[in-house]
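Presented below is the structure to which this report refers.
The values are calculated or read from the model by the stated rules, or taken from the named source; none is laboratory data. Keep in mind it's a predicted model, so treat the numbers as computed, not measured. Because the Cβ atoms are built from the backbone with ideal geometry, glycine has one as well, and the counts that use them run over all protein chains shown.
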Ligand SMILES: [Zn+2]
């Protein structure tokens, strides 16, 4: 297949690190850079060396130890910054100097207090200097989306002539709309001499929640590099989220037929590592990497998932490195999901017993919201004790305690942490699967049945299936 290749430029360590509460020390940055390498990003923007000694050192250390990706260092458009960036990049296998200068009138007038002519000259001069040091030079006209288009074209043309190899078009304040941003990229391609010789890049902020949509719109109009961050962290509302951009292209190749070198199976680990290092948790419903991104609670969803994951799942959890899909047992869970969980905990019930377990389960779920395995075990024992003839001999040992209040919320409710069953996944264009092959039950984590198709689902007759739908959304 001949899909255009999109360069993934990760700026978690630079723009991401600028978000409140997300600063990292040198060791932490190094650790994360190594994970970004495993993830398969093409470029790591490691820092802004002139900004602090810590940033300088971080770029230096990353440059020395992470050898595959290009390591980029940020610099304002002035000699001191460019030289310091280059100094920090000494020893890299592949380096890039990233020069930026604001181009919108509002920034020129109030922030930089220079004219357009001065801006143009300063950009050209800084790129020339960077190019004299490093073959790979990126230029960003800051606040590009609020820059008069004719002037933006003029600046971009000038920096290309001065040697820039990548031109990045930042929506610095997250103001653009997808069509508008796509149109801007198209205009640059139509009007700027020499633009076909360089890579056009997107850098979108999420102030209106459109960073990913804008990035994708840019790609559709010819951008071939996307700047993004893990978990979408970054200034204010953040940057385009790397995992969302990558998975949008992977799940919808019919719309976005582009390739990246990202290893999807490393996305979740990268997200978790960043959250651990910064202690900024991922919002539970965050697309791709939030803890609820693959959880299904409503009964009709759970029932459908158990019959065929394609009913509610557009990509497998394994494809983004999430160990399994979590079916949370709550009061909206159906009989089918409950029966399977009981079976995984070692108890197979006849229809009549299951009715009893289910009745008790619904009462309990109404009280404590999330039913943990420990609760379920106790509840099952009650039913078993009430009916000795059921033949389960292991009913001992659970006397005394009566449904403790639900434990403090665990990030991954054990009630659904059974090993994922990859075997049952059918290959289907509408669902993205992991390339690592089916996940196996881990030693010490017995999973008598798989959630998805691997083992036959517990028998549910037509009547009980219909009942499940009463608990639907
Ligand atoms: Zn930014």
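Does any residue of segment 131-144 turn out to be touching a residue at least 60 places away in the same chain (Cβ under 8 Å), within 16 Å of the ligand (Cβ to nearest atom) and either crowded, with 17+ Cβ neighbours inside 10 Å or part of a loop (DSSP other than H, G, I, E, B) (or both)?
yes
Kindly indicate whether residue 214 is within 16 Å of the ligand (Cβ to nearest atom), within 13 Å of the chain's Cα centre (by Cα), assigned to a helix (DSSP H, G or I) and touching a residue at least 40 places away in the same chain (Cβ under 8 Å).
no
So which residues in segment 145-179 are touching a helix residue (DSSP H, G or I) at 6+ places or on another chain (Cβ under 6 Å), within 15 Å of the ligand (Cβ to nearest atom) and either assigned to a helix (DSSP H, G or I) or over 23 Å from residue 11 (Cα atoms) (or both)?
Within segment 145-179, none qualify.
Checking residue 256 against (1) within 30 Å of residue 159 (Cβ to Cβ); (2) surrounded by 20 or more Cβ atoms within 10 Å (Cβ to Cβ), which test does it fail?
Going through (1) within 30 Å of residue 159 (Cβ to Cβ); (2) surrounded by 20 or more Cβ atoms within 10 Å (Cβ to Cβ) one by one, residue 256 breaks only (2).
Take the residues in segment 185-204 that are within 16 Å of the ligand (Cβ to nearest atom) and in contact with a helix residue (DSSP H, G or I) (Cβ under 6 Å, 6 or more places away or on another chain); name whichever of them is farthest from residue 168 (Cα to Cα).
Within segment 185-204, the subset within 16 Å of the ligand (Cβ to nearest atom) is 201-204.
Now restrict to residues that are in contact with a helix residue (DSSP H, G or I) (Cβ under 6 Å, 6 or more places away or on another chain): 202, 204.
On the way: 202: 6, 204: 10 Å.
Result: 204.
Would you confirm, using the coordinates I've provided, whether residue 291 is more than 16 Å from the ligand (Cβ to nearest atom) and either in a loop (DSSP other than H, G, I, E, B) or under 28 Å from residue 145 (Cβ atoms) (or both)?
Working: more than 16 Å from the ligand (Cβ to nearest atom): yes; either in a loop (DSSP other than H, G, I, E, B) or under 28 Å from residue 145 (Cβ atoms) (or both): yes.
So residue 291 fits the description; yes.
Quick one: in segment 240-267, which of the residues that are closer than 20 Å to residue 18 by Cα and not in a loop (DSSP other than H, G, I, E, B) is farthest from the ligand (Cβ to nearest atom)? Steps first, answer last, please.
Step one: of segment 240-267, the residues closer than 20 Å to residue 18 by Cα are 240-243.
Then drop every residue that is not not in a loop (DSSP other than H, G, I, E, B), which leaves 241-243.
Working: 241: 13, 242: 14, 243: 18 Å.
Within segment 240-267, the match that is farthest from the ligand (Cβ to nearest atom) is 243.
Select from segment 1-23 the residues that are at pLDDT 95 or above and away from the ligand (no atom under 16 Å from the Cβ) and list them in ascending order.
4, 5, 6, 7
Among the numbered conditions (1) in contact with a strand residue (DSSP E or B) (Cβ under 9 Å, 6 or more places away or on another chain); (2) under 17 Å from residue 168 (Cα atoms), tell me where residue 220 comes up short.
(1)
Hey, can you tell me all the residues within segment 229-239 that are in contact with a strand residue (DSSP E or B) (Cβ under 6 Å, 6 or more places away or on another chain) and within 10 Å of the ligand (Cβ to nearest atom)? Show your work before the answer.
Taking segment 229-239 as the starting set, the residues that turn out to be in contact with a strand residue (DSSP E or B) (Cβ under 6 Å, 6 or more places away or on another chain) are 229, 232, 239.
Scanning segment 229-239 gives 229, 239.
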